[in-house]
Amino acid sequence: MLIIGEKINSSRKNIQEMVERKNKEFIQELARKQVEDGAQMLDLNIGTIRKNEPENMQWLVKIVQEAVNVPLCIDSPNHKAIKEGLKVYDWSKGKALINSVTAEREKLELILPLVKKYQCSIVALTMDEQGIPQDSKERFKIADELIKKFTGEGILTEDIYIDPLALPVSTNIQNSNIALETLSRIKDSYPEVKTIIGLSNISYGLPERRLINQSFVVLAMACGLDAVILDSTDQKIMALIKATNLLRGKDEFCRQYLQAFREGRL
């Protein structure tokens, strides 16, 4: 399970302020904290800052890479921001992951050349020009088309991550089931293609959000989830992921679980 830290996201008011003020120390400390708590990659998303997003993304990539030795997920619907981030990316830290690509033809045509040029991994959302389908069958259809498109362009299956889109259950009680069903369909048809979710979306608008997130990630892992964007500082969710990996036979000789126990992380 690839753990991607979610906290450097401008939808959080304090992050938007810190990026706009170029508060390097604050951002770097947040990056270090997430990695210390178990994040293996960090998501950088400043999509709510419309002004100078490409320049801000380049600054963000530079200063985060100074602070931590993990790869980055460059997350933006703006191809110019992604391009500027990739220009300064330090490939010695691992392969970059481009996030928030959709099946919209115009956007694909802008992103695919960057993926091929820099040989990145790519996250594709199960949505197209008509928006997000309300059932797993249609979401899988989009995923199927995207996977065929990417592999036809020479992108390796192990570099493809499909996001089935975990939407708030507060707006539709079936949203969790739709996401889980889509996950299962993808893994059944394309076991080598990876799956990913932005976990905190599922609990938006409800109290005790961590409880919902913790429960959902276990269900998603049982359906074949490979990567998750989450709050790595939540010790309980990190412990649940270790235990679920163990029970799914993904932790040979229980090494990761036992190491986490010895380090007091359970």
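The values are calculated or read from the model by the stated rules, or taken from the named source; none is laboratory data. All values derive from a computational prediction rather than experimental measurement. As a convention, Cβ positions derive from the backbone with ideal geometry for all residues, glycine included, and neighbour counts pool all protein chains shown.
For segment 160-254, give me every one of the helices (runs of 4 or more DSSP H) that falls completely inside it and has 3 or more residues that are within 25 Å of Asp75 (Cα to Cα) and among the aromatic types (Phe, Trp, Tyr).
Correct list: empty, since no element meets the threshold.
Kindly establish whether Asp159 is under 19 Å from Met1 (Cα atoms), of a type outside the set (Ser, Thr, Tyr) and touching a Lys or Arg at 6+ places or on another chain (Cβ under 9 Å).
Numbers: under 19 Å from Met1 (Cα atoms): yes; of a type outside the set (Ser, Thr, Tyr): yes; touching a Lys or Arg at 6+ places or on another chain (Cβ under 9 Å): yes.
For Asp159, the condition - under 19 Å from Met1 (Cα atoms), of a type outside the set (Ser, Thr, Tyr) and touching a Lys or Arg at 6+ places or on another chain (Cβ under 9 Å) - is met.
Conditions (1) modelled with pLDDT of 95 or more; (2) touching a helix residue (DSSP H, G or I) at 6+ places or on another chain (Cβ under 7 Å), marked per residue:
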| site | (1), (2) |
| --- | --- |
| Arg105 | no, no |
| Leu125 | yes, no |
| Glu129 | no, no |
| Ala143 | yes, yes |
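Quick check on my filter: what residues within segment 130-159 are in a loop (DSSP other than H, G, I, E, B) and aliphatic (A, V, I, L, M)? Give the derivation first.
Step one: list which residues in segment 130-159 are in a loop (DSSP other than H, G, I, E, B), which gives 130, 132-135, 153-156.
Correct list: Ile132, Ile155, Leu156.
Let's see how each residue does on (1) in contact with a helix residue (DSSP H, G or I) (Cβ under 6 Å, 6 or more places away or on another chain); (2) closer than 25 Å to Ser200 by Cα; (3) outside the structural domain of Thr244 (by TED's automatic domain parsing); (4) crowded, with 22+ Cβ neighbours inside 10 Å:
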site: Glu25; (1), (2), (3), (4): no, no, yes, no
site: Arg32; (1), (2), (3), (4): yes, yes, yes, no
site: Val35; (1), (2), (3), (4): no, yes, yes, no
site: Leu44; (1), (2), (3), (4): yes, yes, yes, yes
site: Ile63; (1), (2), (3), (4): yes, no, yes, no
site: Leu72; (1), (2), (3), (4): no, yes, yes, yes
site: Pro77; (1), (2), (3), (4): no, yes, yes, no
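In segment 30-66, which residues are in contact (Cβ under 8 Å) with a residue 24 or more places away in the chain, charged (D, E, K, R) and not in a loop (DSSP other than H, G, I, E, B)? Working first, answer last.
Let us first name the residues in segment 30-66 that are in contact (Cβ under 8 Å) with a residue 24 or more places away in the chain, namely 31-35, 37-49, 53-66.
From the residues that got through so far, the ones that are charged (D, E, K, R) too are 32-33, 37, 43, 53, 55, 62, 66.
Across segment 30-66, the qualifying residues are Arg32, Lys33, Asp43, Glu53, Glu55, Lys62, Glu66.
What is the one condition in (1) closer than 23 Å to Leu199 by Cα; (2) in a helix (DSSP H, G or I); (3) of a type in the set (Ser, Thr, Tyr) that Ser92 does not satisfy?
If we test Ser92 against (1) closer than 23 Å to Leu199 by Cα; (2) in a helix (DSSP H, G or I); (3) of a type in the set (Ser, Thr, Tyr), just (1) comes out false.
Identify the single condition in (1) outside the structural domain of Ile162 (by TED's automatic domain parsing); (2) more than 18 Å from the chain's Cα centre (by Cα); (3) touching a residue at least 40 places away in the same chain (Cβ under 8 Å) that Tyr257 does not satisfy, given that it satisfies every other one.
(3)
Which condition number in (1) surrounded by 14 or more Cβ atoms within 10 Å (Cβ to Cβ); (2) in the same structural domain as Arg12 (by TED's automatic domain parsing) is the one that Leu206 fails?
With respect to (1) surrounded by 14 or more Cβ atoms within 10 Å (Cβ to Cβ); (2) in the same structural domain as Arg12 (by TED's automatic domain parsing), Leu206 is out only on (1).
Those residues that are touching a residue at least 12 places away in the same chain (Cβ under 8 Å) and touching a helix residue (DSSP H, G or I) at 6+ places or on another chain (Cβ under 8 Å), I need them from segment 239-254; list them, please.
Taking segment 239-254 as the starting set, the residues that turn out to be touching a residue at least 12 places away in the same chain (Cβ under 8 Å) are 239-245, 248, 250.
Result: Ala239, Leu240, Ile241, Lys242, Ala243, Thr244, Asn245, Arg248.
Tally time: how many residues in segment 13-23 are touching a helix residue (DSSP H, G or I) at 6+ places or on another chain (Cβ under 9 Å) and either of a type in the set (S, T, N, Q) or under 24 Å from Ile197 (Cα atoms) (or both)?
Result for segment 13-23: 3.
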